[in-house]
Amino acid sequence: MLSTHDKVFVEAMAVQTLADVRPFLDECDVIGIDEGQFYPDVRGVCFLGRVVLGDCLVEFCQDAANMGKVVVVAALDATFERKAFESVIELIPTAEQVIKLNAICTSCGLDA
């Protein structure tokens, strides 16, 4: 189960790779990916005995969207050293909407 801060619960599954989601794509309308920057950037993977594209974040999201799925990705775009997470940066031009949020300082309440 996944919970929002407002205590709204939805069914969810934890996976190690995006390829783990593929067998379940027909069962869902919305795919939420949290911590998108940490998924391995693999360009080809074995799926049901054949090599398919789509295990990298960008290709997986494009494939799912092309199947009519709503795809929501929450991810950091860079490290604390401001080094870009390339898979997230590559995803931005393909997105229909991008919302960038800033961290909030817990001491003063301003953007960190």
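Bear in mind these aren't lab numbers, they're just calculated from the coordinates by the rules spelled out. Note that this is a predicted model, so its numbers are computed, not measured. Counting neighbours? That spans all protein chains shown, and the Cβs are built from the backbone with ideal geometry, glycine included.
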If you place +1 on the Cβ of every Lys and Arg, -1 on the Cβ of every Asp and Glu, and leave all else neutral, what size is the dipole of the chain about its Cα centre, to the nearest 20 Debye?
-> 120 debye
Search the structure for amide H atoms under 5 Å from the amide H of Cys56, placed 1.01 Å from N in the peptide plane, and list their residues when 5 or more places away or on another chain.
-> Val42
Additional length obtainable on full extension of the chain from Leu25 to Asp77, 0.36 nm per residue less Cα span | 16.1 nm
Residues meeting the amide H criterion for Val73 (H placed from the backbone, H to H distance under 5 Å, 5 or more places apart or on another chain) are Ile33
Among (i) 132; (ii) 122; (iii) 141, the value of volume of the Cα convex hull per residue in Å³ computed for this structure carries the label (i)
Hey, what do the phi angles of the range 13-30 turn into as Karplus ³J(HN,Hα) couplings, whole Hz, using 6.51/-1.76/1.60 and θ = phi - 60°, x for Gly and Pro?
-> 9, 8, 9, 8, 9, 5, 4, 5, 7, 3, x, 9, 4, 5, 8, 9, 9, 10
Non-local amide H neighbours of Thr17 (under 5 Å, H modeled in plane, Pro and chain starts lacking H): which ones?
-> none
Residue by residue through the range 88-104, the couplings from Karplus 6.51 cos²θ - 1.76 cosθ + 1.60 with θ = phi - 60°, in Hz, x for Gly and Pro, are 6, 4, 5, 6, 4, x, 8, 6, 6, 8, 10, 10, 9, 10, 9, 5, 10
